[in-house]
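Since the structure comes first, as structure tokens, the remarks are kept for the end.
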Amino acid sequence: MSREVMEYDVVIVGGGPSGLATAIKLKQLNKDINVCVLEKASEIGAHILSGNVFETRALDELIPNWKELNSPIKTKVTNEKFLFLGKKKYLSWPTWLLPKVQQNHKNYIISLANLCRWLAEQAEALGVEIFPGFPASEVLHNENGSVKGIATQDMGLDKEGNKKDSFEPGMELHAKVTVFAEGCRGHLGKQLIKKFNLDEGKDPQQYGIGFKEIWEINENKHEEGLVMHTAGWPLDNKTYGGSFIYHAENKQIYLGYVIGLDYKNPYLSPFDEFQRFKTHPAIKKIIEGGKRISYGARALIEGGLQSLPKMFMPGALLVGCDAGTLNMPKIKGSHTAMKSGIIAAETIFEHLRDKKDLSIYEDKFKNSWLYEELHAARNVKPSFNWGLILAIIFTGIDQILFKGKLPFTLRHKHSDHETLKPANEMPKIEYPKPDNVITFDKTSSVYLTGTNHAENQPVHLHLKNPELPIKYTLDKYDEPAQRYCPVGVYEIQLENNLPKFIINSQNCIHCKTCDIKEPSQNITWVTPEGGGGPKYGNM
Amino acid sequence: MSVLLIAEHNNNEVRPFTLNAITAASQIDQDLHVLVIGKKIDAVSKSISEIPNVKKVIAVDNEIYENYLAENFTPVIIKHSENYSHIVCSANTFGKNLMPRVAALLDTSQVSDIIKVISPDTFLRPIYAGNAFATVKSNDKKKCITIRPTSFDPAQTSGGSAEIIKAEKEEATSLTKFIKREEVKSDRPELGTARIVISGGRGMASGENFKLITAIADKLNAAIGASRAAVDAGYITNDHQVGQTGKVVVPDLYIAVGISGAIQHLAGMKESKIIVAINKDGEAPIFSVADYGLEADLFEALPQFLEELNKLNTIQK
Amino acid sequence: MKILVAVKRVIDYNVQVRVKEDGTGVVTENVKMSTNPPDDNAIEEAVKIKESGKAKEIVAITVGEDKAQETVRKALAVGADRGIHIKVDGTIEPLAVSKILQKIVDKEKPDLIFMGKQAIDDDCNQTGQMLAALLNWPQATFASKIEVKDKSLEVTREVDEGLETIEVNIPAIVTCDLRLNEPRYASLPNIMKAKKKPIEQINGSELGIDIKPRIEQIKVEEPPKRKAGIKVASVAELVQKLKNEAKVI
């Protein structure tokens, strides 16, 4: 089938912080480079989810006068707390005893979605063409294997893949350089890493799942600018995770929870851990009397430098979380994503102008503060394999005494899909029922995300082996998809007393957790029709 | 202050929604007059005159009014509107089509689809498909209002004896021509307008089992609905889906069978007048909105339900 | 033939609307906005008629704040030829919109005017009928099928009893039901081309019409939460309650 073709100098897949930073920097370097950004969400920001305490370092470089341009970066961090939670009690950890990387007094509490909307305006003003509602579904290659561009998703196919009246074929976008900025576990990025062996010699990538709710709380409990983190309860010592509570503007707090996807117990339900966390007296008292107004979840990439793949290949670059530039001890990926985008843009600029090889991206990266940051951060996440307490002691030594300069590197040993233990070896976990005031179920949560996918389209969650969930995963792991999916896409239902695996793909919020955690890697997330998925407001 | 209500009828009998609208109209003002426009409407006019709430009936009888074309009805209504503070009718396709045409010519900003009369100029109406309620006050001298029928009880139909006045026709329209009306040939009412809806969910366990629902729907002359889960599971086609991306229904009676009550589904039916839930999980969220909940295995309860219905002498349809 | 299509920008139908705490309305900040769904059907039908050779030009028009232009831009991307944006800030009622459209009709002289049957925000269902009255044109509301004839349209309407077919003389106004057609997707090249199509901007205050709201919105609140009723012990009790207490069967 021949598709329409459009030619660009640079095509960027994904309108998040890294993709938009790449686009802006390219236009700043040479306004004649024509740049196009594709975004699968119905509008920029609608698929973005992040804490977010924002470090402005990369933005200061990219748009030094951002303060004058009515940017949505307004709430400066004014106070910080760190709590270790026990079941009922807590211990407040003095912030001066926190590693410097975990101190936030120069940072801002922002909505990353709003920042992206603003960045998109800046980009468009520079002449970048941005197309929301168009997922890139396929990588196109030249005969020599180099990346030629991407193709967008066909629109208007029915469940069986037949063309409906409204059928609109995808089109090919060819580019001199294609930049993949899809965010964590990008589905094209994943293919490219495999095809070009970009992760050769690297540790297995590590992921987490992050939840976020926005609450409007009582004025007397709200302290704009307060940043609070917790560790400990409800997770056990062996499970990596913690919470954040950021007091933003308009009486809102951003309340979230991150759990490492290397957890072992298939009965663990990250969603329910998060819900349960909110019932801790120290947390409940903040949100009591308030109202939950948003919900969302997204996988995040935690492997750091040890797992960071090579970020260049013939004809293409990876940027941001599509590669894995998040700084785990800082729990920040936005400034690093933007920095990687800036470096990518400089690389492309020189590549187009001087025919320099795209491999200069690597050198530029190694000479940047981004590398320095990731190098100093590298040992924190792996140390959590020893459990929370030892990890904290180690992190104190590593980050406070040695400032990340210990002369050895801890390794990530397993992929997250390999860590589950068989269900019969692990304890069942009974989660309390939601009270619909502080805690909620998945269906009322997904309702707040505005998620939908046009009805009657092919299911975008592919099973390599459709028999496997019932014939193997259910027996061995009690089908953990029922629990790791944050919106209940996967269900086991009895039909005539036989278990059946059900995929409610319409509910999917594009978090990619299933693609990561499924023990046999049996689930592949592919792009649905453009504009589908969540419609997050200011996540 | 008097209210003029435009009756909907089929030249033989009054359409039921008119009775609900009459209840609302008489809450605005007791001095309620009804304008009946049609062809050979003596019987209709008479039956309306027997409604106790109605103080006067104005009948405009001419063959040009056999089919209600807004273009034909509007000049009649405008002609008679002078002495009235409120012109009202039901907010179904009849009134929705007609009233704005009248309102524009009276230079009035219409208040659509009210669900409560707060005072003669202040009303409650749903916006955003019922996800918010707005209290609105009309500052127009003459008010044009449409009434959501299901929010008001039907008026009593006997005991009154209002005066019937005959009035002249106006000039017929040349703009529009009625061609035909096809009552939908389905044996079943439309989901969107049915008085009773019975819906099945994932608990039905198969498409085959929907025949249990169908049997009851036949008996009650009900429309058949479904939750998204049932549609996704392939038990029934998606034109039956009630909820966020499907339809919003507001029947008098909504029977949810084997539906847990995901919030999307609740959004699609929670405005129903009476909700019945049949589910074996006593903790299912559907029970939190049900007027009558029956905790039971639907495969036992549905046949019993049909049996009980068969025992009744009369069933309202 | 020239078709004018009116489109409105509303909160996207997938977004769960949230009532503002102070009761002044619903939250629209940082909320995904889209074209009112049946307005998409109106555009689609106009484009289909143009493709069949029966119309020459499609003009898309919207009334609203600056960002309302997005809906016109989308209409241009799926086949409208040019756009008009009447800039008005704040609340504007259907009566005022129809008066504005009347002014534009005087100038543009379209043969047909299409729009959605109802906007999913205020749920008024008025503008098309009101405009028809002001212009003294025929109206075909809730259209699920349109057949273009020589000097008239034959329109099938979705009414409570089923389907009604009427014939309306051209010029006419049609308000469109979701069942009329399946709106097409905008393709990338067409979105790009749409960026270059002209949108005429007219300031609403310059039209010499009184567009001040006549209806005061006193408060907006969340619908009352439905309370749980009773649990019945048996099917027999349920049927008895439905019959004698609720009186619904």
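The values are calculated or read from the model by the stated rules, or taken from the named source; none is laboratory data. Being a predicted model, the structure only gives us computed values, none of them experimental. Heads up, the Cβs are rebuilt from the backbone with ideal geometry, glycines too, and the neighbour counts pull from every protein chain shown. Note: areas computed on protein heavy atoms with side chains; ligands, DNA, RNA excluded. Shrake-Rupley method; radii C 1.70, N 1.55, O 1.52, S 1.80 Å.
Hey, can you grab everything whose amide H is under 5 Å from the amide H of C:Thr141? Only 5+ residues off in sequence or another chain; H modelled, so Pro and N-termini drop out. Under 5 Å from the amide H of C:Thr141: C:Thr175.
Report, for segment B:196-311, the % of DSSP beta bridges that are antiparallel, rounded to 5. Please list the in-between numbers first.
Details: 0 of 20 bridges.
Approximately 0 percent, going by the DSSP bridge assignments.
Residues whose amide H falls under 5 Å from that of B:Gly293, counting only those 5 or more places apart or on a different chain, are B:Ala277, C:Ile230, C:Lys231, C:Val232, with hydrogens built in the peptide plane.
Using DSSP to call loops (not H, G, I, E or B), can you name the chymotrypsin sites (Phe, Trp or Tyr not before Pro) in segment A:83-148 whose Cβ has at most 13 other Cβ atoms within 10 angstrom? Show your work: numbers first, answer last.
On the way: sites: A:Phe84, A:Tyr90, A:Trp96, A:Tyr108, A:Trp118; in loops: none.
When the chymotrypsin sites (Phe, Trp or Tyr not before Pro) of segment A:83-148 are filtered for loop state and at most 13 Cβ neighbours within 10 Å, nothing remains.
Treating cross-link reach as a plain straight distance, find the aspartates and glutamates whose alpha-carbon is under 14 Å from the alpha-carbon of A:Lys251, omitting any fewer than eight places away in the same chain. List returned: A:Glu213, A:Glu216, A:Glu219, A:Glu223, A:Glu224, A:Glu288, C:Glu21, C:Asp22. Peptides B:252-264, B:37-49 ordered by packing proxy, namely the average of other Cβ atoms within 10 Å per residue, highest first: B:252-264, B:37-49.
Counting only other chain Cβ atoms within 10 Å of each residue's Cβ, the peptide C:166-173 averages 4.
In order along segment B:258-268, phi translates into HN-Hα couplings of x, 10, 6, x, 4, 4, 4, 5, 4, 4, x Hz, rounded to whole numbers, per the Karplus curve 6.51 cos²θ - 1.76 cosθ + 1.60 with θ = phi - 60° and x for Gly and Pro.
Nearest 100 Å² is fine: how much accessible area is buried between C and B, summed over both sides, with a 1.4 Å probe? The summed interface area works out to 6800 Å².
Can you give the % of DSSP beta bridges in segment C:2-224 that are antiparallel, to the nearest 5? Mind showing how you got there, number by number?
Values: 17 of 45 bridges.
Around 40 percent antiparallel, to the nearest 5.
Taking every full run of DSSP H in chain A, the ones that stretch at least 27 Å from end to end by Cα along their long axis and average -1.0 or higher on the Kyte-Doolittle scale are A:334-354. For C:Lys243, the aspartates and glutamates whose Cα comes closer than 15 Å to its Cα, not counting residues fewer than 8 places off in the same chain, are B:Asp252, B:Asp291, B:Glu307, B:Glu308. The string of couplings for segment A:87-97 from the Karplus curve (6.51, -1.76, 1.60, θ = phi - 60°) is 5, 10, 9, 8, 10, 8, 9, x, 5, 5, 8 Hz, one whole number per residue in order, with x for Gly and Pro.
Determine the shielding of peptide B:287-297 by partner chains: average, over its residues, the number of Cβ atoms on other chains within 10 angstrom of each Cβ.
Taking all residues of B:287-297 together, the mean is 6.
Each Lys and Arg Cβ is given +1 and each Asp and Glu Cβ -1; about its Cα centre, the protein assembly as shown then shows a dipole of about 2200 debye. Relative contact order for segment C:2-224: 27 percent, from Cα pairs under 8 Å spaced at least 6 residues apart, divided by residue count. Looking at the protein assembly as shown, the DSSP beta bridges with both ends there are about 50 percent antiparallel.
Please work out whether segment C:2-224 counts as rounded, prolate or oblate from its C-alpha gyration tensor, where a ≥ b ≥ c are the square roots of the eigenvalues and a/c under 1.5 means rounded, while otherwise a/b larger than b/c means prolate and anything else oblate? It is rounded, given that a/c, with a ≥ b ≥ c, falls under 1.5. Looking at A:Leu410, A:Ile429, A:Phe440, which one has the Cα that reaches farthest to the positive end of the dipole of segment A:389-482 (charges on Cβ: Lys, Arg +1; Asp, Glu -1)? The Cα lying farthest towards the positive end belongs to A:Leu410. Under 5 Å between amide hydrogens, built in the peptide plane, is the criterion, and for A:Tyr240 it picks out A:Gly260 among residues at least 5 positions away or on other chains.
Taking every protein chain into account, the 1.4 Å probe leaves A:Arg353 with about 140 Å² of accessible area, to the nearest ten.
Just to confirm, what accessible area per residue do you get for the protein assembly as shown at 1.4 Å probe, in whole Å²?
On the way: 43090 Å² over 1105 residues.
I get 39 Å² per residue for the protein assembly as shown.
Extending 7 Å from Cα along the Cβ direction at C:Asp210 and again at A:Asn142 yields two label points whose distance is 7.0 nm. Projecting the Cα positions of B:Ile165, B:Phe178, B:Ala134 onto the charge dipole of segment B:127-186 (unit charges on Cβ atoms of Lys, Arg, Asp and Glu, taken about the Cα centre) puts B:Ala134 furthest along the positive direction.
Would you please put A:281-290, C:40-49, A:156-165, B:110-119 in order of how densely packed they are, using the mean number of other Cβ atoms within 10 angstrom per residue and starting with the highest?
In decreasing order of mean packing, A:281-290, C:40-49, A:156-165, B:110-119 become C:40-49, B:110-119, A:281-290, A:156-165.
Annotation for A:Phe167 and C:Glu154: the two label points, set 7 Å from Cα along the Cα-Cβ direction, are 3.0 nm apart.
If you put +1 on each Lys and Arg Cβ and -1 on each Asp and Glu Cβ, how big is the dipole of segment B:196-311 around its Cα centre, in Debye rounded to 20?
Details: 9 positive and 14 negative charges, 57 e Å.
For this selection, approximately 280 debye.
When the charge dipole of chain A is built from unit charges on Cβ atoms (+1 for Lys and Arg, -1 for Asp and Glu) and taken about the Cα centre, the candidate among A:Gly290, A:Asn538, A:His510 whose Cα reaches farthest toward its positive end is A:Gly290. A protection proxy built from the mean count of other Cβ atoms within 10 Å ranks the segments A:317-325, A:180-188, A:261-269, most packed first, as A:317-325, A:180-188, A:261-269.
Rg/Rh, computed from the Cα trace of the protein assembly as shown with Rh as the Kirkwood radius, has the value 0.99. Residues B:Asp281, A:Asp515 ordered from highest to lowest accessible area at a 1.4 Å probe: B:Asp281, A:Asp515.
The listed residues C:Lys197, A:Lys100, once ranked by accessible area (1.4 Å probe) with the largest placed first, stand as A:Lys100, C:Lys197. Of the trypsin sites (Lys or Arg not before Pro) found in segment A:436-539, those that fall in a DSSP loop while having at most 15 other beta-carbon atoms within 10 Å are A:Lys464. Rounded to the nearest 10 degrees, the inclination of helix B:70-81 to the longest alpha-carbon principal axis of chain B is 60 degrees. The 1.4 Å probe gives accessible areas that order A:Thr56, A:Thr409, largest first, as A:Thr409, A:Thr56.
Taking a threshold of 23 Å on the Cα-Cα distance, which of the pairs B:Lys96/C:Lys145; B:Lys116/C:Lys231; A:Lys40/A:Lys278; A:Lys512/C:Lys8 fall above it? Please list the in-between numbers first.
On the way: B:Lys96/C:Lys145 19 Å; B:Lys116/C:Lys231 29 Å; A:Lys40/A:Lys278 32 Å; A:Lys512/C:Lys8 35 Å.
Among B:Lys96/C:Lys145; B:Lys116/C:Lys231; A:Lys40/A:Lys278; A:Lys512/C:Lys8, the Cα-Cα distance tops 23 Å for B:Lys116/C:Lys231; A:Lys40/A:Lys278; A:Lys512/C:Lys8.
In segment C:2-224, the portion of solvent-accessible area held by carbon and sulfur atoms comes to 48 percent [1.4 Å probe, whole percent, DNA, RNA and ligands not counted].
Between A:Phe402 and B:Lys311, the modelled labels are 8.1 nm apart [label points 7 Å from Cα along Cα→Cβ].
For the pairs B:Lys247/C:Lys87; A:Lys535/B:Lys270; B:Lys169/C:Lys107, flag any whose C-alpha to C-alpha distance is greater than 27 Å. Numbers along the way, then the final one.
Working: B:Lys247/C:Lys87 33 Å; A:Lys535/B:Lys270 24 Å; B:Lys169/C:Lys107 35 Å.
Those over the limit are B:Lys247/C:Lys87; B:Lys169/C:Lys107.
Placing +1 on the Cβ of every Lys and Arg and -1 on the Cβ of every Asp and Glu, with no other charges, gives chain A a dipole of roughly 1780 debye about its Cα centre.
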